[in-house]
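Following: one structure in C-alpha coordinates, then a few remarks.
The values are calculated or read from the model by the stated rules, or taken from the named source; none is laboratory data. Computed from a predicted structure; not experimentally measured. With ideal geometry, Cβ positions are generated from the backbone for all residues, glycine too; neighbour counts draw on all protein chains shown. These area figures cover heavy atoms from the full protein model, side chains too; ligands, DNA and RNA do not enter into them. Shrake-Rupley method; radii C 1.70, N 1.55, O 1.52, S 1.80 Å.
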Amino acid sequence: MSVTDAEAAGAVSGTAAGTAAGTAPAALTPRLRLVLVLLLAAQFMLAVDFSILNVALPVIGEGLGFSLSHLQWIATSFALCAAGFTLLFGRVADLFGRRRLFLGGLVVLGVASLVGGLAQNPEVLIAARVLQGLATAAVTPAGLSLLTTSFPEGPLREKALGLNGALMSAGFTTGAVLGGLLTDLLSWRWAFFINVPVALAVLVIAPTVIKESRPDERPKLDLPGAVSVTLGLLAIVFGLTQAGEKGWGSAEALLSLTAGAALLLVFHTVERKVSAPLVPLGVLGKRSVAWGNIAGLIAFLTETSLVFLLTLYLQEVLGFSPLAAGLSFGVLGIGTVVGGTIAPKVIGRTGSRSTLITGGILQTVFTAALLGLGDDRSWMWLLLIGTFAGGVGNMLVIVGFMVTATSGLADHEQGLATGLATMTQQVGITMGTPIMSAVATAAMTGAGATAILGGLKVAIAVNAAIVLLGTLTSVLFLRARSSTGLRRAVRASRTRGGASPWNREAPPRGRATPAPPVSAQ
(Lines give C-alpha, C1' and ligand atoms only; values in the text may rest on other atoms or scores of the structure.)
Protein backbone atom coordinates (compact mmCIF):
# COMPACT_ATOMS: atom_id res chain seq x y z
CA MET A 1 0.00 0.00 0.00
CA SER A 2 1.40 3.39 -0.99
CA VAL A 3 1.71 6.33 1.35
CA THR A 4 -1.48 7.90 0.08
CA ASP A 5 -3.35 4.59 0.11
CA ALA A 6 -2.40 4.02 3.72
CA GLU A 7 -3.09 7.61 4.66
CA ALA A 8 -6.47 7.72 2.94
CA ALA A 9 -7.53 4.36 4.29
CA GLY A 10 -6.82 5.35 7.85
CA ALA A 11 -8.21 8.84 7.35
CA VAL A 12 -11.52 7.97 5.76
CA SER A 13 -12.24 5.49 8.50
CA GLY A 14 -11.96 8.32 11.00
CA THR A 15 -9.62 6.45 13.27
CA ALA A 16 -7.43 8.06 15.82
CA ALA A 17 -3.78 7.42 15.43
CA GLY A 18 -3.09 5.12 17.75
CA THR A 19 -1.57 2.43 19.64
CA ALA A 20 1.97 1.53 20.37
CA ALA A 21 3.76 0.07 17.45
CA GLY A 22 4.31 -3.64 17.38
CA THR A 23 5.30 -6.45 15.11
CA ALA A 24 2.34 -7.33 12.95
CA PRO A 25 1.47 -10.99 12.44
CA ALA A 26 1.96 -12.29 8.92
CA ALA A 27 -1.67 -13.37 8.49
CA LEU A 28 -5.03 -13.05 10.18
CA THR A 29 -5.55 -15.58 12.94
CA PRO A 30 -9.06 -17.02 13.38
CA ARG A 31 -9.58 -14.79 16.43
CA LEU A 32 -8.43 -11.63 14.63
CA ARG A 33 -10.62 -12.48 11.65
CA LEU A 34 -13.64 -12.76 13.94
CA VAL A 35 -12.71 -9.52 15.72
CA LEU A 36 -12.50 -7.78 12.36
CA VAL A 37 -15.90 -9.08 11.22
CA LEU A 38 -17.59 -8.06 14.49
CA LEU A 39 -16.15 -4.54 14.59
CA LEU A 40 -16.79 -3.88 10.91
CA ALA A 41 -20.35 -5.17 11.21
CA ALA A 42 -21.03 -2.79 14.10
CA GLN A 43 -19.46 0.21 12.32
CA PHE A 44 -21.33 -0.49 9.09
CA MET A 45 -24.62 -0.77 10.98
CA LEU A 46 -24.00 2.63 12.59
CA ALA A 47 -23.21 4.22 9.22
CA VAL A 48 -26.41 2.78 7.75
CA ASP A 49 -28.47 4.20 10.63
CA PHE A 50 -27.64 7.75 9.56
CA SER A 51 -29.70 7.42 6.39
CA ILE A 52 -31.88 4.32 6.58
CA LEU A 53 -34.99 6.33 7.51
CA ASN A 54 -34.53 9.14 4.96
CA VAL A 55 -36.61 7.60 2.17
CA ALA A 56 -39.20 6.45 4.72
CA LEU A 57 -39.76 9.94 6.16
CA PRO A 58 -42.95 10.75 4.21
CA VAL A 59 -44.45 7.35 5.11
CA ILE A 60 -43.52 7.76 8.78
CA GLY A 61 -44.93 11.28 8.75
CA GLU A 62 -48.29 10.07 7.48
CA GLY A 63 -48.40 7.10 9.83
CA LEU A 64 -47.45 8.88 13.05
CA GLY A 65 -48.67 12.41 12.36
CA PHE A 66 -45.45 14.33 11.68
CA SER A 67 -45.82 17.60 9.77
CA LEU A 68 -43.57 18.13 6.72
CA SER A 69 -41.50 20.75 8.53
CA HIS A 70 -40.93 18.37 11.49
CA LEU A 71 -39.89 15.34 9.44
CA GLN A 72 -36.22 16.34 9.49
CA TRP A 73 -36.16 15.86 13.29
CA ILE A 74 -36.32 12.10 12.77
CA ALA A 75 -32.86 12.31 11.20
CA THR A 76 -31.58 15.34 13.10
CA SER A 77 -32.37 14.04 16.62
CA PHE A 78 -30.21 11.00 15.86
CA ALA A 79 -27.34 12.83 14.17
CA LEU A 80 -27.20 15.65 16.72
CA CYS A 81 -26.64 13.27 19.63
CA ALA A 82 -24.14 11.27 17.60
CA ALA A 83 -22.18 14.45 16.85
CA GLY A 84 -22.45 16.22 20.19
CA PHE A 85 -21.38 13.31 22.35
CA THR A 86 -18.80 11.52 20.18
CA LEU A 87 -15.71 13.17 21.66
CA LEU A 88 -17.07 12.94 25.21
CA PHE A 89 -17.74 9.22 24.90
CA GLY A 90 -14.32 8.76 23.33
CA ARG A 91 -12.83 10.05 26.56
CA VAL A 92 -15.25 7.97 28.64
CA ALA A 93 -14.02 4.89 26.77
CA ASP A 94 -10.43 5.79 27.70
CA LEU A 95 -11.44 6.16 31.34
CA PHE A 96 -13.67 3.14 31.85
CA GLY A 97 -12.66 0.74 29.07
CA ARG A 98 -13.29 0.70 25.34
CA ARG A 99 -14.80 -2.78 25.19
CA ARG A 100 -17.10 -1.97 28.10
CA LEU A 101 -18.43 1.17 26.40
CA PHE A 102 -18.65 -0.61 23.03
CA LEU A 103 -20.82 -3.38 24.46
CA GLY A 104 -22.89 -1.00 26.60
CA GLY A 105 -23.57 1.20 23.58
CA LEU A 106 -24.73 -1.83 21.58
CA VAL A 107 -27.19 -2.73 24.34
CA VAL A 108 -28.67 0.78 24.21
CA LEU A 109 -28.76 0.66 20.41
CA GLY A 110 -30.64 -2.66 20.39
CA VAL A 111 -33.21 -1.49 22.95
CA ALA A 112 -33.70 1.88 21.23
CA SER A 113 -34.17 0.19 17.86
CA LEU A 114 -36.82 -2.11 19.30
CA VAL A 115 -38.64 0.83 20.90
CA GLY A 116 -38.46 2.85 17.67
CA GLY A 117 -39.89 0.00 15.65
CA LEU A 118 -42.83 -0.29 18.04
CA ALA A 119 -43.46 3.48 18.35
CA GLN A 120 -47.05 4.64 17.95
CA ASN A 121 -46.53 8.41 18.21
CA PRO A 122 -43.89 11.03 17.28
CA GLU A 123 -42.65 11.49 20.85
CA VAL A 124 -41.65 7.84 21.32
CA LEU A 125 -40.03 7.70 17.90
CA ILE A 126 -37.92 10.81 18.55
CA ALA A 127 -36.91 9.45 21.97
CA ALA A 128 -35.78 6.23 20.31
CA ARG A 129 -33.77 8.17 17.75
CA VAL A 130 -32.10 10.20 20.52
CA LEU A 131 -31.07 6.97 22.25
CA GLN A 132 -29.81 5.56 18.95
CA GLY A 133 -27.71 8.70 18.49
CA LEU A 134 -26.24 8.42 21.98
CA ALA A 135 -25.45 4.75 21.37
CA THR A 136 -23.74 5.65 18.11
CA ALA A 137 -21.67 8.30 19.90
CA ALA A 138 -20.52 5.62 22.33
CA VAL A 139 -19.95 2.71 19.96
CA THR A 140 -18.20 4.58 17.11
CA PRO A 141 -15.07 5.87 18.93
CA ALA A 142 -14.85 2.77 21.12
CA GLY A 143 -15.11 0.47 18.09
CA LEU A 144 -12.49 2.40 16.13
CA SER A 145 -10.11 2.32 19.11
CA LEU A 146 -10.65 -1.43 19.50
CA LEU A 147 -9.90 -1.88 15.81
CA THR A 148 -6.55 -0.10 16.03
CA THR A 149 -5.55 -1.78 19.30
CA SER A 150 -6.50 -5.24 18.03
CA PHE A 151 -4.25 -4.97 14.96
CA PRO A 152 -0.58 -3.96 15.43
CA GLU A 153 0.88 -1.47 12.98
CA GLY A 154 1.61 -3.03 9.64
CA PRO A 155 -0.22 -4.56 6.67
CA LEU A 156 -3.00 -6.12 8.73
CA ARG A 157 -3.94 -2.85 10.39
CA GLU A 158 -3.82 -1.09 7.03
CA LYS A 159 -6.14 -3.74 5.59
CA ALA A 160 -8.52 -3.45 8.55
CA LEU A 161 -8.65 0.34 8.33
CA GLY A 162 -9.09 0.22 4.56
CA LEU A 163 -12.06 -2.13 4.90
CA ASN A 164 -13.51 0.02 7.67
CA GLY A 165 -13.16 3.15 5.55
CA ALA A 166 -14.83 1.54 2.56
CA LEU A 167 -17.77 0.30 4.62
CA MET A 168 -18.23 3.60 6.45
CA SER A 169 -18.21 5.61 3.21
CA ALA A 170 -20.69 3.21 1.58
CA GLY A 171 -22.92 2.91 4.65
CA PHE A 172 -24.82 6.18 4.19
CA THR A 173 -25.92 5.34 0.66
CA THR A 174 -26.58 1.71 1.55
CA GLY A 175 -28.89 2.96 4.28
CA ALA A 176 -30.93 4.92 1.75
CA VAL A 177 -31.29 1.90 -0.53
CA LEU A 178 -32.01 -0.53 2.31
CA GLY A 179 -34.52 1.86 3.85
CA GLY A 180 -36.45 1.97 0.60
CA LEU A 181 -36.48 -1.81 0.26
CA LEU A 182 -37.63 -2.43 3.83
CA THR A 183 -40.26 0.32 3.77
CA ASP A 184 -41.83 -0.79 0.51
CA LEU A 185 -41.59 -4.57 0.92
CA LEU A 186 -42.27 -4.81 4.67
CA SER A 187 -42.69 -1.64 6.76
CA TRP A 188 -40.63 1.37 7.80
CA ARG A 189 -40.54 -0.25 11.25
CA TRP A 190 -38.10 -2.84 9.93
CA ALA A 191 -35.57 -0.06 9.43
CA PHE A 192 -35.42 -0.13 13.25
CA PHE A 193 -35.92 -3.85 13.82
CA ILE A 194 -33.01 -4.83 11.55
CA ASN A 195 -30.55 -3.48 14.12
CA VAL A 196 -31.75 -5.82 16.85
CA PRO A 197 -30.41 -9.18 15.58
CA VAL A 198 -27.11 -7.59 14.47
CA ALA A 199 -26.60 -6.00 17.90
CA LEU A 200 -27.51 -9.26 19.65
CA ALA A 201 -25.08 -11.29 17.53
CA VAL A 202 -22.20 -8.90 18.26
CA LEU A 203 -23.08 -8.80 21.97
CA VAL A 204 -23.05 -12.61 22.23
CA ILE A 205 -19.75 -13.16 20.40
CA ALA A 206 -17.70 -10.02 21.14
CA PRO A 207 -17.01 -10.59 24.88
CA THR A 208 -15.27 -13.87 24.08
CA VAL A 209 -12.90 -12.56 21.40
CA ILE A 210 -12.37 -8.81 21.97
CA LYS A 211 -10.01 -7.88 24.77
CA GLU A 212 -10.44 -4.85 27.01
CA SER A 213 -8.37 -1.84 25.99
CA ARG A 214 -7.32 1.32 27.82
CA PRO A 215 -4.48 3.80 27.21
CA ASP A 216 -1.54 3.78 29.61
CA GLU A 217 -2.41 7.29 30.78
CA ARG A 218 -6.06 8.13 31.28
CA PRO A 219 -7.00 11.64 30.09
CA LYS A 220 -9.15 13.94 32.17
CA LEU A 221 -12.83 14.23 31.33
CA ASP A 222 -13.65 17.62 29.78
CA LEU A 223 -17.24 17.80 31.01
CA PRO A 224 -17.65 21.61 30.68
CA GLY A 225 -16.47 21.44 27.07
CA ALA A 226 -18.80 18.56 26.23
CA VAL A 227 -21.81 20.25 27.82
CA SER A 228 -21.22 23.63 26.18
CA VAL A 229 -20.62 22.27 22.67
CA THR A 230 -23.60 19.91 22.85
CA LEU A 231 -25.98 22.59 24.11
CA GLY A 232 -24.59 25.02 21.53
CA LEU A 233 -25.24 22.60 18.67
CA LEU A 234 -28.72 21.84 20.00
CA ALA A 235 -29.57 25.55 20.17
CA ILE A 236 -28.32 26.22 16.64
CA VAL A 237 -30.21 23.27 15.14
CA PHE A 238 -33.38 24.31 16.96
CA GLY A 239 -32.92 27.87 15.69
CA LEU A 240 -32.55 26.63 12.12
CA THR A 241 -35.70 24.57 12.50
CA GLN A 242 -37.63 27.55 13.84
CA ALA A 243 -36.33 29.64 10.94
CA GLY A 244 -37.82 27.11 8.54
CA GLU A 245 -41.17 27.09 10.33
CA LYS A 246 -41.60 30.76 11.30
CA GLY A 247 -39.11 32.69 9.19
CA TRP A 248 -35.49 33.73 9.62
CA GLY A 249 -36.51 36.92 11.39
CA SER A 250 -38.69 35.24 14.04
CA ALA A 251 -37.84 35.79 17.69
CA GLU A 252 -37.59 32.04 18.36
CA ALA A 253 -35.08 31.54 15.57
CA LEU A 254 -32.94 34.57 16.43
CA LEU A 255 -32.85 33.86 20.17
CA SER A 256 -31.95 30.22 19.68
CA LEU A 257 -29.25 30.94 17.11
CA THR A 258 -27.79 33.67 19.34
CA ALA A 259 -27.77 31.35 22.35
CA GLY A 260 -26.10 28.64 20.27
CA ALA A 261 -23.38 31.01 19.09
CA ALA A 262 -22.80 32.20 22.67
CA LEU A 263 -22.50 28.62 23.93
CA LEU A 264 -19.98 27.78 21.22
CA LEU A 265 -17.94 30.83 22.29
CA VAL A 266 -18.07 29.49 25.85
CA PHE A 267 -16.88 26.16 24.50
CA HIS A 268 -13.96 27.88 22.77
CA THR A 269 -13.02 29.63 26.03
CA VAL A 270 -13.24 26.38 27.99
CA GLU A 271 -11.06 24.53 25.49
CA ARG A 272 -8.34 27.19 25.85
CA LYS A 273 -8.09 26.61 29.60
CA VAL A 274 -8.57 22.88 30.22
CA SER A 275 -5.56 20.56 30.20
CA ALA A 276 -7.26 17.82 28.13
CA PRO A 277 -9.66 19.58 25.73
CA LEU A 278 -12.18 17.81 23.55
CA VAL A 279 -11.07 19.98 20.60
CA PRO A 280 -7.34 20.83 20.67
CA LEU A 281 -7.12 24.48 19.66
CA GLY A 282 -3.38 24.25 19.09
CA VAL A 283 -3.86 21.60 16.41
CA LEU A 284 -6.84 23.48 15.00
CA GLY A 285 -4.62 26.54 14.59
CA LYS A 286 -2.62 24.79 11.86
CA ARG A 287 -3.76 25.95 8.42
CA SER A 288 -4.01 22.46 6.93
CA VAL A 289 -6.13 21.24 9.85
CA ALA A 290 -8.39 24.30 10.01
CA TRP A 291 -9.16 24.69 6.32
CA GLY A 292 -9.13 20.97 5.68
CA ASN A 293 -11.85 20.53 8.30
CA ILE A 294 -13.89 23.37 6.78
CA ALA A 295 -13.77 21.59 3.42
CA GLY A 296 -14.85 18.35 5.10
CA LEU A 297 -17.64 20.02 7.05
CA ILE A 298 -19.09 21.43 3.83
CA ALA A 299 -18.71 18.11 2.01
CA PHE A 300 -20.69 16.17 4.61
CA LEU A 301 -23.21 18.97 5.16
CA THR A 302 -24.11 19.30 1.50
CA GLU A 303 -24.23 15.74 0.19
CA THR A 304 -26.15 14.19 3.09
CA SER A 305 -28.70 17.02 3.05
CA LEU A 306 -29.03 16.67 -0.73
CA VAL A 307 -30.21 13.09 -0.15
CA PHE A 308 -32.94 14.50 2.12
CA LEU A 309 -34.02 17.04 -0.51
CA LEU A 310 -34.06 14.50 -3.33
CA THR A 311 -36.03 12.07 -1.17
CA LEU A 312 -38.79 14.68 -0.92
CA TYR A 313 -38.53 15.36 -4.65
CA LEU A 314 -38.83 11.70 -5.62
CA GLN A 315 -41.78 10.98 -3.33
CA GLU A 316 -43.64 14.27 -2.90
CA VAL A 317 -43.18 15.65 -6.44
CA LEU A 318 -42.75 12.59 -8.66
CA GLY A 319 -44.84 10.24 -6.54
CA PHE A 320 -42.32 7.40 -6.35
CA SER A 321 -42.62 4.70 -3.69
CA PRO A 322 -39.97 4.45 -0.96
CA LEU A 323 -38.57 1.38 -2.75
CA ALA A 324 -38.10 3.24 -6.05
CA ALA A 325 -36.69 6.28 -4.26
CA GLY A 326 -34.23 4.14 -2.32
CA LEU A 327 -33.08 2.28 -5.42
CA SER A 328 -32.51 5.62 -7.16
CA PHE A 329 -29.85 6.44 -4.58
CA GLY A 330 -27.96 3.31 -5.58
CA VAL A 331 -26.52 5.39 -8.44
CA LEU A 332 -25.20 7.90 -5.89
CA GLY A 333 -23.69 4.97 -4.01
CA ILE A 334 -21.87 3.81 -7.13
CA GLY A 335 -20.54 7.33 -7.56
CA THR A 336 -19.16 7.40 -4.01
CA VAL A 337 -17.49 4.01 -4.52
CA VAL A 338 -15.87 5.25 -7.74
CA GLY A 339 -14.77 8.46 -6.02
CA GLY A 340 -13.34 6.58 -3.05
CA THR A 341 -11.47 4.20 -5.36
CA ILE A 342 -9.78 6.85 -7.48
CA ALA A 343 -9.19 9.43 -4.71
CA PRO A 344 -5.88 7.97 -3.40
CA LYS A 345 -4.51 7.83 -6.96
CA VAL A 346 -5.61 11.40 -7.67
CA ILE A 347 -4.01 12.61 -4.44
CA GLY A 348 -0.79 10.77 -5.26
CA ARG A 349 -0.56 12.46 -8.66
CA THR A 350 -1.84 15.96 -7.97
CA GLY A 351 -1.81 16.49 -4.19
CA SER A 352 -4.66 16.77 -1.71
CA ARG A 353 -5.31 20.49 -2.41
CA SER A 354 -5.89 19.84 -6.10
CA THR A 355 -8.10 16.88 -5.22
CA LEU A 356 -10.21 19.05 -2.93
CA ILE A 357 -10.61 21.65 -5.68
CA THR A 358 -11.35 19.13 -8.43
CA GLY A 359 -13.89 17.28 -6.32
CA GLY A 360 -15.51 20.52 -5.19
CA ILE A 361 -15.90 21.81 -8.73
CA LEU A 362 -17.36 18.47 -9.86
CA GLN A 363 -19.84 18.43 -6.97
CA THR A 364 -20.79 22.09 -7.52
CA VAL A 365 -21.46 21.68 -11.25
CA PHE A 366 -23.61 18.58 -10.93
CA THR A 367 -25.49 19.81 -7.88
CA ALA A 368 -26.34 23.00 -9.78
CA ALA A 369 -27.43 20.87 -12.75
CA LEU A 370 -30.21 19.45 -10.55
CA LEU A 371 -31.89 22.88 -10.75
CA GLY A 372 -33.14 21.70 -14.14
CA LEU A 373 -35.32 18.98 -12.58
CA GLY A 374 -38.97 19.16 -13.60
CA ASP A 375 -42.25 17.91 -12.16
CA ASP A 376 -42.51 14.72 -14.23
CA ARG A 377 -40.56 11.49 -14.31
CA SER A 378 -38.92 12.19 -17.65
CA TRP A 379 -36.29 14.16 -15.70
CA MET A 380 -34.97 11.09 -13.87
CA TRP A 381 -32.01 10.87 -16.27
CA LEU A 382 -30.79 14.24 -14.99
CA LEU A 383 -31.15 13.19 -11.36
CA LEU A 384 -29.24 9.93 -11.92
CA ILE A 385 -26.39 11.58 -13.83
CA GLY A 386 -26.20 14.50 -11.38
CA THR A 387 -26.12 12.30 -8.27
CA PHE A 388 -23.55 9.89 -9.75
CA ALA A 389 -21.10 12.58 -10.84
CA GLY A 390 -21.76 14.66 -7.72
CA GLY A 391 -21.09 11.58 -5.59
CA VAL A 392 -17.72 11.08 -7.29
CA GLY A 393 -16.81 14.70 -6.60
CA ASN A 394 -18.04 14.56 -3.01
CA MET A 395 -15.94 11.50 -2.21
CA LEU A 396 -12.86 13.14 -3.72
CA VAL A 397 -13.41 16.04 -1.32
CA ILE A 398 -13.97 13.75 1.67
CA VAL A 399 -10.79 11.74 1.13
CA GLY A 400 -8.86 14.93 0.35
CA PHE A 401 -10.20 16.51 3.53
CA MET A 402 -9.13 13.60 5.74
CA VAL A 403 -5.65 13.53 4.22
CA THR A 404 -5.22 17.31 4.47
CA ALA A 405 -6.59 17.59 8.01
CA THR A 406 -4.25 14.89 9.35
CA SER A 407 -1.04 15.77 7.48
CA GLY A 408 1.98 17.78 8.57
CA LEU A 409 1.56 16.89 12.24
CA ALA A 410 3.80 15.27 14.81
CA ASP A 411 2.95 11.72 15.82
CA HIS A 412 1.54 12.76 19.19
CA GLU A 413 -0.90 15.13 17.43
CA GLN A 414 -2.30 12.55 15.01
CA GLY A 415 -4.90 11.21 17.42
CA LEU A 416 -6.14 14.72 18.19
CA ALA A 417 -6.35 15.63 14.50
CA THR A 418 -8.26 12.50 13.50
CA GLY A 419 -10.62 12.94 16.46
CA LEU A 420 -11.33 16.47 15.28
CA ALA A 421 -11.90 15.22 11.73
CA THR A 422 -14.37 12.64 13.04
CA MET A 423 -16.30 15.34 14.89
CA THR A 424 -16.34 17.44 11.70
CA GLN A 425 -17.95 14.53 9.87
CA GLN A 426 -20.62 14.09 12.54
CA VAL A 427 -21.40 17.82 12.80
CA GLY A 428 -21.65 18.13 9.01
CA ILE A 429 -24.15 15.28 8.83
CA THR A 430 -26.04 16.82 11.76
CA MET A 431 -26.28 20.37 10.44
CA GLY A 432 -26.99 19.70 6.77
CA THR A 433 -30.54 18.37 6.96
CA PRO A 434 -32.00 21.09 9.23
CA ILE A 435 -30.32 23.86 7.23
CA MET A 436 -31.63 22.61 3.89
CA SER A 437 -35.01 21.76 5.39
CA ALA A 438 -35.31 25.30 6.78
CA VAL A 439 -34.34 26.83 3.43
CA ALA A 440 -36.76 24.64 1.46
CA THR A 441 -39.66 25.18 3.88
CA ALA A 442 -39.17 28.95 3.96
CA ALA A 443 -39.10 29.08 0.14
CA MET A 444 -42.34 27.14 -0.34
CA THR A 445 -45.06 29.63 -1.33
CA GLY A 446 -48.03 27.29 -1.07
CA ALA A 447 -49.14 23.67 -1.03
CA GLY A 448 -48.88 20.97 -3.64
CA ALA A 449 -46.14 19.47 -5.78
CA THR A 450 -45.36 22.73 -7.62
CA ALA A 451 -44.75 24.64 -4.38
CA ILE A 452 -42.64 21.82 -2.96
CA LEU A 453 -40.53 21.70 -6.13
CA GLY A 454 -39.98 25.46 -5.95
CA GLY A 455 -38.79 25.25 -2.35
CA LEU A 456 -36.54 22.29 -3.11
CA LYS A 457 -34.90 24.13 -6.01
CA VAL A 458 -34.06 27.08 -3.78
CA ALA A 459 -32.47 24.68 -1.29
CA ILE A 460 -30.54 22.91 -4.07
CA ALA A 461 -29.22 26.28 -5.27
CA VAL A 462 -28.08 27.12 -1.73
CA ASN A 463 -26.51 23.66 -1.47
CA ALA A 464 -24.49 24.21 -4.67
CA ALA A 465 -23.43 27.68 -3.50
CA ILE A 466 -22.13 26.25 -0.21
CA VAL A 467 -20.10 23.63 -2.09
CA LEU A 468 -18.62 26.38 -4.27
CA LEU A 469 -17.76 28.41 -1.17
CA GLY A 470 -15.92 25.43 0.30
CA THR A 471 -14.00 24.97 -2.94
CA LEU A 472 -12.97 28.64 -2.92
CA THR A 473 -11.60 28.30 0.63
CA SER A 474 -9.34 25.48 -0.60
CA VAL A 475 -8.19 27.61 -3.53
CA LEU A 476 -7.46 30.66 -1.39
CA PHE A 477 -6.21 29.31 1.94
CA LEU A 478 -4.45 26.00 1.21
CA ARG A 479 -0.99 26.30 -0.28
CA ALA A 480 -0.24 24.43 -3.47
CA ARG A 481 3.49 24.12 -2.83
CA SER A 482 3.08 21.70 0.10
CA SER A 483 1.34 19.08 -2.03
CA THR A 484 4.67 18.61 -3.85
CA GLY A 485 6.03 17.07 -0.65
CA LEU A 486 3.30 14.49 -0.65
CA ARG A 487 3.96 13.53 -4.28
CA ARG A 488 7.67 13.17 -3.52
CA ALA A 489 6.82 10.94 -0.55
CA VAL A 490 4.61 8.80 -2.76
CA ARG A 491 7.39 8.35 -5.32
CA ALA A 492 9.88 7.61 -2.56
CA SER A 493 7.61 5.03 -0.96
CA ARG A 494 7.13 3.31 -4.32
CA THR A 495 10.91 3.27 -4.81
CA ARG A 496 11.22 1.54 -1.43
CA GLY A 497 8.69 -1.05 -2.51
CA GLY A 498 5.54 0.67 -1.28
CA ALA A 499 6.51 0.90 2.39
CA SER A 500 4.64 3.65 4.18
CA PRO A 501 6.58 5.92 6.56
CA TRP A 502 3.52 5.99 8.79
CA ASN A 503 3.68 2.26 9.49
CA ARG A 504 7.17 1.71 10.77
CA GLU A 505 8.00 0.58 14.23
CA ALA A 506 8.44 3.32 16.79
CA PRO A 507 12.05 4.57 17.09
CA PRO A 508 14.02 3.97 20.27
CA ARG A 509 13.75 6.55 23.00
CA GLY A 510 15.84 9.59 22.37
CA ARG A 511 15.49 9.49 18.61
CA ALA A 512 13.17 11.87 16.87
CA THR A 513 10.19 10.47 15.00
CA PRO A 514 10.18 11.70 11.40
CA ALA A 515 7.15 13.87 10.68
CA PRO A 516 4.87 12.81 7.82
CA PRO A 517 4.98 14.90 4.65
CA VAL A 518 2.65 17.86 4.48
CA SER A 519 -0.09 17.72 1.88
CA ALA A 520 -1.47 21.18 2.58
CA GLN A 521 -0.87 23.91 5.09
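For the full complex of protein chains and a 1.4 angstrom probe, list V202, V108 by accessible area with the highest value first.
V108, V202
Distance between Cα centroids, segment 171-204 to segment 58-109: provide it in whole Å.
Their Cα centres are 15 Å away from one another.
With the cut-off at 1.5 for a/c, could you classify segment 269-367 from its C-alpha gyration tensor as rounded, prolate or oblate?
Because a/c hits 1.5 or more and a/b fails to exceed b/c, segment 269-367 counts as oblate.
With each pseudo-label sitting 7 Å past Cα toward Cβ, what's the K211-V130 distance in nm, one decimal?
4.0
Excluding ligands and nucleic acids, what accessible area in Å² is computed for L40 using a 1.4 Å probe, to the nearest 10?
Number for this one is 20 Å².
Got a number for the accessible area of S288? Probe 1.4 Å, square angstrom, nearest 10.
Rounded to the nearest 10, that gives 10 Å².
Under 19 Å from a point placed 7 Å out from the Cα of V227 along the Cα-to-Cβ direction: which residues of segment 71-92 have their backbone N that close?
It comes to 81, 84-92, nothing else.
Give the carbon-plus-sulfur fraction of the accessible surface of segment 296-398 in %, rounded to a whole number; probe 1.4 Å, heavy atoms of protein chains only.
The value for segment 296-398 is 73 percent carbon and sulfur by accessible area.
Provide the net charge surrounding T183, with neighbours chosen by a C-beta distance below 13 Å and charges set as Lys +1, Arg +1, Asp -1, Glu -1.
Taking every Cβ under 13 Å from that of T183, the sum is -1.
Enter the accessible area of W291 (Å², nearest 10), with the probe set to 1.4 Å and all protein chains included.
Around 70 Å² of this residue is reachable by solvent.
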